[in-house]
Amino acid sequence: MRLTDFWQRLAEAVGPDYSEYWADSHVIAELGGRTVREAIADGEDTSAVWRAVHANLKLPARLR
């Protein structure tokens, strides 16, 4: 998944005004106790980060 697609999906999931804050502040266990921003900065595959976000937010399967 391209990084731009990831950010677009996150904005759609939590809202465009909240997505940046959420990515910087929400720690996800599936990402090794890192935030989304930390995981991406550490080189984690964006598809893997999205799967963790998807599971954490309990999003519908259609958004997978």
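Quick notes on this one:
- The residues listed here are T4, T46; of these, the one that is of a type in the set (S, T, N, Q) and more than 11 Å from the chain's Cα centre (by Cα) is T4.
- Going through (1) more than 19 Å from R2 (Cβ to Cβ); (2) surrounded by 12 or more Cβ atoms within 10 Å (Cβ to Cβ) one by one, A61 falls short only on (2).
- Some residue of segment 3-13 being out of contact with any Gly (no Cβ under 6 Å at 6 or more places or on another chain) and not in a helix (DSSP H, G or I): no
- Among residues of segment 22-58, those that are in a loop (DSSP other than H, G, I, E, B) and of a type in the set (A, V, I, L, M), counted: 0
- Here is the figure for segment 11-53: residues that are surrounded by 15 or more Cβ atoms within 10 Å (Cβ to Cβ) and in contact (Cβ under 8 Å) with a residue 40 or more places away in the chain total 6.
Coordinate-derived values only; no laboratory data. Owing to the predicted nature of the structure, the values given are computational and were not obtained by experimental measurement. Methodologically, a virtual Cβ is constructed for each residue, glycine included, from the backbone with ideal geometry; neighbour enumeration extends over all protein chains shown.
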